[in-house]
Amino acid sequence: MAVKVKDILNRMQVGLMMCLCHTVSALPYWVQYYVIQEILYFVFRYVVRYRRRLIMRQLSDSFPEWDDARVRRTCNAYYRTLAETVVNTVTLADMDDLERARRVTFCGAADVGENIAGRNVVVLTSHYGFWEYYSFAALWLCRAHRLMVAYHPLKARAWDDFYMKLRKIDCVNPVSSKKFMRYFMHHRDGIDGNNLVIGLISDQNSPPRGECHWYRFLNHDSLFFDGGEHLALKFGLPVYYLELDRVKRGYYRCSYKMIYDGREQVEPHEITERYVRNLERTIVRRPELWLWSHNRWKFRREPVAETAAE
């Protein structure tokens, strides 16, 4: 009985959230992005001052050459990105393929499609801009491929169900991170005759484990998930870095850059290193578009003990 009540409450919560999304989605563009977004920006910046200390500290540590005024300006610009992220998320509810294709342009997608014909491929992305739009690549690449994306299920079931509804796109298979490798091994020969595009958001804050490799990134020793590199080396898969840039509110442009062709002999960690360097250049160009309100460097590298001279 208790389980049924929880299921009913869960469905009610999801239904209410989707109702709100449908209502906002029905509003004109200028109301969504120049009224609602501006209200959210005001709330984030002036009312709740959302994680301002964390954002300011991470910006200051990442860009020590900046003065305080530039750090504040970038922090405030990030709040506008955060407000837009909320609007973008809500408006996913009623977005069809035609609108998705209008919102994001994937430059060079035809050339990439030719290069990966008959092959699985790894595409590495990040929490930059509105990262949910990365999945729209399915509209450009999935005539002969199926997009397989890793995600971390949310602890609150209602929110997890809500996001799954928003993310539902034909030719896209969301797979829990814990089941990702097993799912890939089971489907590595394709799904319904289609090869796989393996989409991985790789700038997650990976916890230290075993002999983990640290990368120098934005003036910090940093950890990155390297599952894409392991897949590429084990199965000879090409790897692309997918860069996102904002054209205007709610509209983006993506471009592909091959960082591994699936055949080159590389040193361990080299593929992830190339991803890190590309991501760093992207962030330095427009830092306000990266997700600064997450604690990016909660794991610290232990200092190496010096060996006493004999």
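Do you know which residues across region 16-46 are exposed (fewer than 12 other Cβ atoms within 10 Å of the Cβ) and either among the basic types (K, R) or more than 21 Å from R249 (Cβ to Cβ) (or both)?
Answer for region 16-46, where residues must be exposed (fewer than 12 other Cβ atoms within 10 Å of the Cβ) and either among the basic types (K, R) or more than 21 Å from R249 (Cβ to Cβ) (or both): just C19.
Residue by residue, here is whether (1) in contact with an Asp or Glu (Cβ under 6 Å, 6 or more places away or on another chain); (2) within 23 Å of Y256 (Cα to Cα); (3) outside the structural domain of L231 (by TED's automatic domain parsing); (4) surrounded by fewer than 19 Cβ atoms within 10 Å (Cβ to Cβ) holds:
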position: Q58; (1), (2), (3), (4): no, no, yes, no
position: E114; (1), (2), (3), (4): no, yes, no, yes
position: F130; (1), (2), (3), (4): no, yes, no, no
position: K155; (1), (2), (3), (4): no, no, no, yes
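For a quick check of your reading: which helices (runs of 4 or more DSSP H) sit entirely within region 127-200 and have at least 1 residues that are modelled with pLDDT under 90 and in contact with a Phe, Trp or Tyr (Cβ under 7 Å, 6 or more places away or on another chain)?
The qualifying helices (runs of 4 or more DSSP H) are 138-141.
Give the number of residues within region 60-119 that are in a helix (DSSP H, G or I), within 28 Å of F217 (Cα to Cα) and of a type in the set (G, A, S).
Residues that pass the stated criteria total 5.
Would you mind stating whether H220 is closer than 30 Å to Y50 by Cβ and surrounded by 13 or more Cβ atoms within 10 Å (Cβ to Cβ)?
yes
Check P174, P207 and return the single one that is surrounded by 13 or more Cβ atoms within 10 Å (Cβ to Cβ) and more than 20 Å from Y260 (Cα to Cα).
That would be P174, the only listed residue that is surrounded by 13 or more Cβ atoms within 10 Å (Cβ to Cβ) and more than 20 Å from Y260 (Cα to Cα).
Could you give every pair whose Cβ atoms fall below 6 Å, whose first residue belongs to region 195-215 and is closer than 17 Å to E270 by Cα, and whose second residue is part of a strand (DSSP E or B) and of a type in the set (S, T, N, Q), counting only separations of at least 6 or pairs across chains?
Y215/S222
The values are calculated or read from the model by the stated rules, or taken from the named source; none is laboratory data. The structure displayed is predicted, hence computed values, not measured ones. Quick reminder, even Gly has a Cβ in these numbers, built from the backbone with ideal geometry, and neighbours come from all protein chains shown.
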